[in-house]
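As structure tokens, the structure follows; a few thoughts come after it.
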Amino acid sequence: MDHSLYFEDLRQGEVFESSGRTVTETDMTFFSMLSGDWNPIHCDQHFASKTRFGERLVHGAYGIAIATGMMHTLGIFEKSAVAMMSISDWKFVKPITVGMTLRLRLTILDFEEGTSQRVGRVNRRLQLVNEQDEVVQDGVSDMLILKKAGH
């Protein structure tokens, strides 16, 4: 079943939440391999145990990656998304650790219809939240989305 929403379907202040996903040791290792970031805070338990966190931390950029993936699992932009235009004002509020369960909270901020008959711009707040409903990462992202008349 198609749950895609189009430009005209979205409302300012509307909130969508993804299901949760628990971060694993494998996630952190694969992200280290993919990114090439082998900083000891991510891969050296002895080193990390002496930091103020007392344990290894998952890469901050992993949070951005998982947030964009969770947007897809919402299904609301499945057939209507054209392009992500920006990610801005991204804040790393709390560290991500192995075993933490994260979900995405997406809030529609505002719109710009523009002159195109095909697409409009939607500005969204993306918040990665943990199992205690605490914001872990927070940022804003613009996207181009199809208008009903344009698809």
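Here are the numbers:
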{"read-out": "Fluctuation leader among 100, 85, 70 - the chain, Gaussian network, Cα springs under 10 angstrom", "value": "85"}
{"read-out": "Test item: Cα-centred dipole of the chain, Lys/Arg +1 and Asp/Glu -1 on Cβ, debye", "value": "120"}
{"read-out": "Nearby lysines by direct alpha-carbon distance to residue 148 (threshold 20 angstrom, same-chain neighbours under 8 apart not counted)", "value": "79"}
{"read-out": "Phi-based couplings in Hz for region 41-54 (Karplus 6.51, -1.76, 1.60; Gly and Pro marked x)", "value": "5, 9, 10, 10, 4, 4, 4, 5, 5, 9, 8, 5, 8, x"}
{"read-out": "Additional length obtainable on full extension of the chain from residue 65 to residue 91, 0.36 nm per residue less Cα span", "value": "8.0 nm"}
{"read-out": "Region 1-78 - charge dipole about Cα centre, Lys and Arg +1 at Cβ, Asp and Glu -1, debye rounded to 20", "value": "480"}
{"read-out": "Histogram of C-alpha separations across the chain, 10 Å bin width, %", "value": "11, 37, 29, 16, 6, 1"}
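Laboratory data are not the source of any read-out in this text; all were calculated from the coordinates shown. Here the structure is a predicted model, which means the values were calculated and not measured. Positions of Cβ are generated from backbone atoms using ideal geometry, with glycine treated the same way; all protein chains shown enter the neighbour counts.
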